[in-house]
Amino acid sequence: MAKDAAAVFDALADPTRRNVVQLLSHGPRRAGEIAAAAGTSGPAMSRHLRILLAAGVVTDERSPADARVRVFHLRPDSVAAAAAWLVPGLGHALLKMWSRALAIFFTVGLLVILGASMRGNIFPPNGDDAFSKLGYVADMGAGSFYFLARALEVDGPDVSRATGDYGTRLLATAGVLNLLAALHAYEIIRGRKA
């Protein structure tokens with residue numbers, strides 16, 4: 001179950017594949033049209049589309065008139081998983097679970113604001129060691145709130161004091177909580193969880 005969502009996030013980590021999702025959000029397209037609109041070669045686009053198909057982000061249909069022509073469509077459940085990660089609580093809001101959506105949004109937001117105001121360490125993407133990379137993954141779990149935390153961190157981290165250390169933990173907790181909420185919304189959308 002979590003493996004499905006991880007595949008979606010891995011597939012959407014590439015900017016070209018995110019561009020494909022944006023193009024398909026306007027409606028179905030043939031592979032050649034997608035490649036031309038994205039500015040990539042046919043073989044490169046074929047690799048990207050295979051990854052998106054394997055992750056379940058898109059589906060394809062073959063044209064009855066010509067079996068060589070494939071038309072690609074977005075799968076809404078996979079896009080909802082990415083949206084749920086990007087904006088905390090959005091996945092549950094799409095499911096009209098308003099109280100849970102608001103609880104997630106405000107809890108993750110509060111944890112990020114508190115963590116950043118306590119001058120917790122917000123890990124950059126280019127960490128040198130395993131701890132920094134793991135911290136970045138945890139922080140990025142907060143979705144768009146990661147960038148809010150980066151904007152609030154004007155004086156830099158101060159982990160030499162207890163408050164800064166607690167702030168770092170609050171930021172990581174916000175990210176992990178949002179990832180769990182996004183996975184929960186994804187599983188509900190897929191019909192595997194109530």
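The ratio of the alpha-carbon radius of gyration of region 2-74 to the globular-protein estimate 2.2 N^0.38 Å is 1.05. Of the labelled figures [x] 20.5, 70; [y] 19.1, 69; [z] 16.9, 53, only one reflects Rg and Dmax of the Cα atoms in Å as derived from the coordinates, namely [y]. 3J(HN,Hα) along region 159-175, derived from phi through the Karplus expression 6.51 cos²θ - 1.76 cosθ + 1.60 where θ = phi - 60°, amounts to 8, 6, 10, 4, 5, x, 5, 5, x, 4, 5, 5, 5, 5, 4, 4, x Hz, with x in place of Gly and Pro. Nearest 0.05, what FRET efficiency do R161 and A103 give at R0 = 30 Å with Cβ-Cβ as r? Rounded to the nearest 0.05, the efficiency is 0.50. Considering only G32, G109, G56, the Gaussian network model of the chain with Cα springs below 10 Å gives its largest mean-square fluctuation to G32. When only Cα pairs below 8 angstrom with a gap of at least 6 residues are kept, the chain shows a relative contact order of 21 percent. For trypsin sites (Lys or Arg not before Pro), the sites in region 1-81 that DSSP calls loop and that have at most 14 other Cβ atoms within 10 Å are R68.
Between the listed residues L94, V108, L152, the Cα displaced farthest toward the positive end of the dipole of the chain, a dipole computed from Cβ unit charges relative to the Cα centre, is found at L94. Using the Karplus relation 6.51 cos²θ - 1.76 cosθ + 1.60 with θ = phi - 60°, the per-residue 3J(HN,Hα) values for region 48-56 come to 4, 5, 4, 5, 5, 5, 5, 7, x Hz, with x marking Gly and Pro. Distances between every pair of Cα atoms in region 93-135, grouped in 10 Å steps from 0 to the bin holding the largest one, split as 25, 29, 29, 16, 0 percent. Summarising the overall dimensions of region 80-189 from its C-alpha atoms, the Rg and Dmax are 13.8, 43 angstrom.
Only helices enter the 222 nm calculation for the chain: every DSSP H run of n ≥ 4 contributes -39,500 (n - 2.57), and dividing by all residues gives -20500 deg cm²/dmol, rounded to 500.
Only the coordinates and a few stated rules stand behind these numbers; no lab work does. Model, not experiment: these values are computed from the prediction. Using ideal geometry, Cβ is built from the backbone for each residue, glycine included, and neighbour counts are taken over all protein chains shown.
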